[in-house]
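**Q** There's a structure below that I have some questions on.
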Amino acid sequence: MKLRYNFRVYPSACQLPILAKSFGCARVVYNDGLRARNDAYRRGEPFITDNQLQKQVTTQAKKTPERAWLAEVSAVILVQSLADLHSAYRNFFAWKRGDRKGLKTNPPRLKKKNGRQSIRFTRNGFQLRVNGTLYLAKIGEVRVRWSRVLPAEPSSVTIIKDASGRYFASFVVEVDDEVLPELELEETDTGIDLGLSSYAVLRGRKITSPKFFRRKEKKLRRAQRHLSRCKKGSSNRRKAKLAVAKIHARVVDQRRDFVERETTRIVRESQAVYLEDLNVRSMGRRGGGLAKAVHDQGLGLFVRALETKCARYGRGFVKVARLFPSTQLCSNPLCAALSGPKGRRQLHLRVWTCSACGAIHDRDQNAEINLRREGRRLAAGSAES
């Protein structure tokens with residue numbers, strides 16, 4: 001399994017202009033390659049192969065006065081930028097043929113300079129030095145803040161600059177699956193009911209919603225108000241824009257740390273997890289305060305992280321169909337009547353009484369029990385097949 005390990009890096013004042021030039025050169029080569037293929041398509045010419053395109057927009061372009069400055073940066077990042085273009089085309093053609101499932105894959109588009117920029121180095125473009133620094137071709141040794149030890153030799157590293165002006169090194173490392181000691185399935189498996197009032201309801205406990213964005217919303221509103229009053233192109237506007245980006249970065253970091261901690265705890269305590277296959281994208285389109293709350297929860301990030309960790313550590317993971325009525329179904333095994341609250345207008349009903357058997361249910365705990373039973377049934381069915 002390939003994993004990414006991210007570390008904060010601190011380039012020197014002399015290295016910042018070189019990194020900025022590297023980001024720009026990688027973006028220019030990507031756009032030149034895209035324009036060359038689009039122009040060939042409009043003229044009815046054959047599709048330009050990867051090798052031909054690399055010679056055209058890098059090797060030959062460096063010999064022209066208009067692109068001579070491409071030689072000032074490492075050739076590795078230019079080749080990797082074109083590799084990203086090739087991958088984008090392959091994904092698009094695979095979707096057109098029907099080989100790539102999921103959401104629609106659009107053709108590649110021109111890159112614009114924005115808050116997040118990145119370049120990638122393969123093994124022949126970087127080196128981990130004994131003194132703890134990271135050597136990058138034509139950039140030099142960059143100081144790294146190591147928070148943990150890499151489990152193996154990285155195959156590539158991506159240098160990222162985010163909108164708040166921070167620099168990160170993202171290493172790709174090949175690791176083996178670490179199977180955790182097996183737990184008693186009947187006692188430790190759990191359903192997970194994700195929601196907004198409570199972040200998640202598990203077997204025997206609830207995870208309170210942290211609402212990181214809501215906590216920073218007042219401070220963010222003030223920063224954005226100050227940004228809107230600054231003159232465009234001024235130094236004050238650049239500083240105000242950076243202040244807004246730092247608030248957003250803080251929220252993102254808090255949310256990611258929360259998700260990583262909670263998913264790790266769930267994987268360590270549970271032999272199998274069963275959760276509902278939520279349509280988070282559709283939930284975030286409803287507008288108003290509900291959509292803002294959905295985006296603040298980061299439910300999609302939680303599900304992806306949990307699924308990845310279950311696969312890595314040998315835990316069971318089952319997604320229950322989103323049409324399964326986990327909230328409306330009475331969890332009494334002798335009843336199982338569909339008498340629970342229905343629709344968005346009854347979201348405020350957190351406790352309800354079954355009209356068939358008279359059992360009193362907590363809305364979230366009842367959903368967790370039903371998800372656990374349905375997940376067990378699905379897991380048993382897949383095991384038999």
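**Q** Based on the alpha-carbon gyration tensor of region 21-63 and its eigenvalue square roots a ≥ b ≥ c, which shape applies: rounded if a/c is under 1.5, prolate if not and a/b is larger than b/c, or oblate?
**A** In terms of gyration-tensor shape, prolate.
**Q** Provide, as a two-decimal number, the C-alpha radius of gyration of region 2-174 over 2.2 N^0.38 Å, N being how many residues it has.
**A** Normalised Rg, Cα atoms only: 1.12.
**Q** What number, in percent, do you get for the relative contact order of region 2-174 if the mean sequence gap of Cα pairs under 8 Å and at least 6 apart is divided by its residue count?
**A** About 33 percent, as a whole number.
**Q** Sticking with the crude label model, points 7 Å out along Cα→Cβ, report the distance from residue 338 to residue 129 in nm, one decimal please.
**A** 6.7
**Q** In cubic angstrom, how much convex hull volume per residue do the alpha carbon atoms of the chain span?
**A** 202
**Q** While we're on this one: Starting from the Cα of residue 250, step 7 Å toward the Cβ, then list every residue of region 289-316 with an amide N under 19 Å from that point.
**A** So the set is 296-297.
**Q** If you consider only alpha-carbon coordinates, what radius of gyration and Dmax does region 185-384 have, in Å?
**A** Calculated on Cα positions, Rg and Dmax stand at 20.2, 70 Å.
**Q** Which of the cysteines in the chain are isolated, no other cysteine C-beta under 4.7 Å?
**A** Taking the Cβ cut-off of 4.7 Å, the unpaired cysteines of the chain are 14, 25, 230, 310.
**Q** Of 127, 226, 204, which is farthest on the positive side of the dipole of the chain, counting Cα position, with +1 on Lys and Arg Cβ, -1 on Asp and Glu Cβ, and the Cα centre as origin?
**A** Comparing the listed Cα positions along the dipole, 226 ranks first.
**Q** Counting other beta carbons within 10 Å of each Cβ, put 141, 184 in order, fewest first.
**A** 184, 141
**Q** Pop out the Kirkwood hydrodynamic radius of region 236-308 from its pairwise C-alpha distances, inverse of mean 1/r, in Å to one decimal.
**A** One over the average 1/r among Cα pairs gives 14.3 Å for region 236-308.
**Q** Fewest first, what order do 39, 162 take by the number of other Cβ atoms within 10 Å?
**A** Ascending Cβ contact count within 10 Å gives the list 39, 162.
**Q** Tell me the relative contact order for the chain as a rounded percent, counting alpha carbon contacts under 8 Å between residues six or more apart.
**A** 15
**Q** Also, I was wondering about something else. Please get the size of the charge dipole for region 99-179, origin at its Cα centre, with Cβ charges of +1 on Lys and Arg and -1 on Asp and Glu, quoted in debye to the nearest 20.
**A** 820
**Q** From the Cα trace of region 122-164, what convex hull volume per residue do you get, rounded to a whole Å³?
**A** Spelled out: Cα convex hull of region 122-164, divided by residues, is 104 Å³.
**Q** Another question, if that's okay. Could you pull out the trypsin sites (Lys or Arg not before Pro) across region 37-92 that fall in loop regions by DSSP (anything but H, G, I, E, B) with no more than 14 other Cβ atoms inside 10 Å?
**A** Answer by residue number: 43.
**Q** Further question on the same structure: Evaluate the charge dipole of region 2-174 about its Cα centre and quote only its size in Debye, nearest 20, assuming +1 on the Cβ of each Lys and Arg and -1 on the Cβ of each Asp and Glu.
**A** The dipole of region 2-174 has a size of about 540 debye.
**Q** Calculate one ³J(HN,Hα) per residue across region 137-151 by plugging θ = phi - 60° into the Karplus curve 6.51 cos²θ - 1.76 cosθ + 1.60, and present them in order as whole Hz with x for glycine and proline.
**A** 4, 6, 10, x, 7, 10, 6, 10, 9, 7, 9, 7, 8, 5, x
**Q** Just want the ordering: 172, 251, 9, from fewest to most Cβ atoms lying within 10 Å of their own Cβ.
**A** Arranged by neighbour count, lowest to highest, 172, 251, 9 become 172, 251, 9.
**Q** Oh, and also: About its Cα centre, how strong a charge dipole does the chain have in debye, to the nearest 20, once Lys and Arg get +1 and Asp and Glu get -1 at the Cβ?
**A** 3000
**Q** How much length is gained if the chain between residue 238 and residue 97 is pulled fully straight, taking 0.36 nm per residue apart and subtracting their Cα-Cα distance, in nm to one decimal?
**A** Gain in length upon complete extension: 46.3 nm.
**Q** If we count every other residue with Cβ under 11 angstrom of residue 107's Cβ, Lys/Arg +1 and Asp/Glu -1, where does the sum land?
**A** Once positives and negatives cancel, what remains is +4.
**Q** A further question follows. Past the 31 Å Cα-Cα mark, which pairs from 2/239; 55/138; 138/246; 21/96; 2/319?
**A** Going by Cα-Cα distance, 2/239; 21/96 fall outside the 31 Å limit.
**Q** Which shape class, rounded, prolate or oblate, goes with region 1-95 when its Cα gyration tensor gives a ≥ b ≥ c as root eigenvalues, a/c under 1.5 marks rounded, and past that a/b bigger than b/c marks prolate?
**A** Since a/c reaches 1.5 but b/c is at least a/b, the shape of region 1-95 is classed as oblate.
Values quoted throughout were computed directly from the atomic coordinates according to the rules given, and no laboratory measurement underlies them. Everything quoted here is computed from the prediction, not taken from an experiment. Quick reminder, even Gly has a Cβ in these numbers, built from the backbone with ideal geometry, and neighbours come from all protein chains shown.
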